[in-house]
Amino acid sequence: MKPLDALQQSLHKRVLVELKGGRSFRGTLDAFDQHLNLVLSGAEEVMKDQVTPRSGLTLVRGDSIIYISP
Amino acid sequence: MKPLDALQQSLHKRVLVELKGGRSFRGTLDAFDQHLNLVLSGAEEVMKDQVTPRSGLTLVRGDSIIYISP
Amino acid sequence: MKPLDALQQSLHKRVLVELKGGRSFRGTLDAFDQHLNLVLSGAEEVMKDQVTPRSGLTLVRGDSIIYISP
Amino acid sequence: MKPLDALQQSLHKRVLVELKGGRSFRGTLDAFDQHLNLVLSGAEEVMKDQVTPRSGLTLVRGDSIIYISP
Amino acid sequence: MKPLDALQQSLHKRVLVELKGGRSFRGTLDAFDQHLNLVLSGAEEVMKDQVTPRSGLTLVRGDSIIYISP
Amino acid sequence: MKPLDALQQSLHKRVLVELKGGRSFRGTLDAFDQHLNLVLSGAEEVMKDQVTPRSGLTLVRGDSIIYISP
Amino acid sequence: MKPLDALQQSLHKRVLVELKGGRSFRGTLDAFDQHLNLVLSGAEEVMKDQVTPRSGLTLVRGDSIIYISP
C-alpha cells in the first residue's frame, strides 16, 4: 500500500485536514491528486477556535497541508 | 474527478482565494493552470479588514494560495 | 543501503515522526513513498505537551517531516 | 485562456506587482516568462510607504511575486 | 571529487548534522541518498542544550539539513 | 524579449541585487544562469546600512534574489 | 562564463560562505556540484560572533547558501 492508496480509502468520507499556519478544515473528501491538492465538500474552516462554514467545493492546495486524518 | 476538474466548475463564477500571509481575494475566476496560477476579474483584495478593489485582470501566483472556495 | 531501505525496516512498527513547527506524531508506520509521505495507524499527535489521539489512518505529508525515529 | 495569456494583455502597460515581504513595484511590463520572472521599465519600488524610483530595466524574480494587477 | 563523494568518506563514522530550526544530531552515518536524506544509528538529538538519545535508525530528511561535519 | 534577455543587457554593468532578508549587493554583473545565480565583481554588500566590500568574484544564489536593477 | 565556472576558480582556495539564518563558514572549497552543495576543509563556522572550528570535510547544503565570496 502506498500513502495515496490510504487516502483513497477516505474518499467520500469526512476528514480533518491540518494546514500550515494554524488553519484546519473538516469536510468530505471528494477528490485528490498526487500533489495532495484536495477537494472538500461541506467544509468547515477552523482557525484560532473560529469556525467558518465554506459552501460548495473547497480546493485546498497540497503544499499547505501537514496531515490528513479521518 | 480530480481537484482541477472541481476548479473548472468554478470558472466564470465568484470565488474566495485565501493566500499565505493573511491576504485574500474575492473575484470572478477567469482562468487557471495546473500550478493554480489564477486570473480573477472584478477582484477585491482583503487584508486585515482593509478592502482594495483591483480593476482589470489580476493574476494570482499559485504558490501563494492556501485554498479556493466559492 | 539507501535511506528508504532503512524506513522499510520500520514498516508496521511504532515510529516517532518529528514535524516542522513543533508538532510530532507517534504511530505505526503502515506505508510510505519516495517523498516521505507516510501513513500512520493508531497515531497520537503531540504539540506543546498536548496529546491528541487520531483514529484510523493519518496521512502525513513528507515535506513537513524533519526526522523519523523508532 | 490560460493565466499567462492574461498577462500577455498587460504587456507594455503599467502593472502593480505585489511581492512577499511587504514590497511592491509599479512599472511597465516589458517581458515575462513561464516562471513569472518579469521585466519592468520605469519602475517604482514601494516598501512601507517609501517610494524608490528604479531606472532602466528591473528584473523581478517570479517566485517572490504574490499577484500582478493592472 | 563531488560533494556526495566526500560524504561517502564519512559513511559508518560519527557525524554532526546541523538542521534548520536550531536542532542537531550526532550519530553514525549509515546511509544517504542524493537528496541528502540520511540514516543515523546511535543518534543523539540536541536542541537548546537538551540531549535526547534516539535508539535504532533515525532517518533525517535532507531538506532540513544545513551542513554535515565529522 | 524574455526576462533573461534583459539581464543580458546588464552584463558587465553595475547592478543592484536585492536579496531576501534585508541584504543587497551592488557590483558588476559578470555572469548569470537560468536559475538567476549571479557572479558579481567589485561587489559591495549592504545590510542594515552597513557596507562591506567583497573582493574578487561573488557568487549569489538565484533563489535568494528578489530583484535585479541597474 | 557561467556562475559555476566562476566557482571553479575558487576551488582549493579559501572562501566565505554566507548561509540563511545568520550563519557563515570560512574554509577551503574542495568540491561543489550544480546544486551548490559544497565541501569545505579547514572550516570555521561563524554564528553571532561565535567561531567554531570544524575539523575534516564539512558538507554544506546548497539551498542554505546566500552567497559565496573569496
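The values are calculated or read from the model by the stated rules, or taken from the named source; none is laboratory data. Keep in mind that what you see is a predicted model, and the values were worked out from it rather than measured. Here the Cβ is made from the backbone with ideal geometry for all residues, glycine too, and neighbour counts use every protein chain on show. Surface accessibility is based on the protein's heavy atoms, side chains included, excluding ligands, DNA and RNA. Shrake-Rupley method; radii C 1.70, N 1.55, O 1.52, S 1.80 Å.
Could you please let me know if B:LEU40 is within 12 Å of chain A (Cβ to nearest Cβ), aliphatic (A, V, I, L, M), open to solvent by less than 10 Å² (accessible area, probe 1.4 Å) and assigned to a strand (DSSP E or B)?
It is false that B:LEU40 is within 12 Å of chain A (Cβ to nearest Cβ), aliphatic (A, V, I, L, M), open to solvent by less than 10 Å² (accessible area, probe 1.4 Å) and assigned to a strand (DSSP E or B).
Yes or no: F:ASP5 part of a helix (DSSP H, G or I), at pLDDT below 95 and acidic (Asp, Glu)?
Judged against the criteria, F:ASP5 is a match.
For segment F:28-37, which residues satisfy the criterion of being open to solvent by 10 Å² or more (accessible area, probe 1.4 Å) and outside any strand (DSSP E or B)?
Passing the criteria: F:ASP33, F:GLN34, F:HIS35, F:ASN37.
Quickly run through segment E:1-16 and pick out the residues that are within 11 Å of the chain's Cα centre (by Cα) and of a type in the set (A, V, I, L, M, F, W, C).
E:LEU7, E:LEU11, E:VAL15, E:LEU16
Restricting the first residue to segment D:1-18 and requiring it to be free of Cβ contacts under 8 Å to residues at least 24 places away in the same chain, which pairs with a second residue that is among the polar types (S, T, N, Q) meet a Cβ separation below 7 Å and a spacing of at least six or different chains?
D:PRO3/B:ASN37; D:HIS12/D:THR28
Checking A:ASP5 against (1) farther than 21 Å from C:LEU36 by Cβ; (2) at the interface with another protein chain (Cβ under 9 Å from one of its Cβ atoms); (3) not hydroxyl-bearing (Ser, Thr, Tyr): exactly one of these is not met. Which one?
(1)
Out of all the residues in segment G:14-27, is one or more within 16 Å of F:ASN37 (Cα to Cα) and open to solvent by less than 20 Å² (accessible area, probe 1.4 Å)?
Within segment G:14-27 (the criterion being within 16 Å of F:ASN37 (Cα to Cα) and open to solvent by less than 20 Å² (accessible area, probe 1.4 Å)), the answer is yes, since at least one residue qualifies.
When you scan segment C:43-67, how many residues do you find that are of a type outside the set (D, E, K, R), in contact with a Lys or Arg (Cβ under 8 Å, 6 or more places away or on another chain) and assigned to a strand (DSSP E or B)?
Residues meeting the conditions: 6.
Taking D:SER10 and the conditions (1) within 14 Å of chain B (Cβ to nearest Cβ); (2) open to solvent by less than 50 Å² (accessible area, probe 1.4 Å); (3) within 18 Å of F:SER69 (Cα to Cα), which numbered condition does it fall short on, given that it satisfies the others?
Here D:SER10 clears every test but (3).
Which of the residues belonging to segment C:53-67 are free of Cβ contacts under 8 Å to residues at least 24 places away in the same chain and touching a Leu at 6+ places or on another chain (Cβ under 6 Å)?
Of everything in segment C:53-67, just one residue is free of Cβ contacts under 8 Å to residues at least 24 places away in the same chain and touching a Leu at 6+ places or on another chain (Cβ under 6 Å), namely C:LEU59.
Answer yes or no: is there a residue in segment G:45-54 that is open to solvent by less than 20 Å² (accessible area, probe 1.4 Å) and under 14 Å from E:SER69 (Cβ atoms).
yes
Would it be correct to say that D:THR58 is under 19 Å from F:ASP5 (Cβ atoms), at the interface with another protein chain (Cβ under 7 Å from one of its Cβ atoms) and hydroxyl-bearing (Ser, Thr, Tyr)?
yes
Kindly check whether there is at least one residue in segment D:19-37 that is in contact with a Phe, Trp or Tyr (Cβ under 8 Å, 6 or more places away or on another chain) and more than 8 Å from every other protein chain (Cβ to nearest Cβ).
No, there is no match, as no residue in segment D:19-37 is in contact with a Phe, Trp or Tyr (Cβ under 8 Å, 6 or more places away or on another chain) and more than 8 Å from every other protein chain (Cβ to nearest Cβ).
Would you please list the contacts, defined by Cβ atoms under 7 Å and residues six or more apart or on different chains, that run from a residue in segment G:30-50 that is farther than 11 Å from E:LYS2 by Cβ to a residue that is part of a loop (DSSP other than H, G, I, E, B)?
So the pair list comes out as G:LEU36/F:ARG61; G:MET47/G:GLY22; G:LYS48/G:GLY22.
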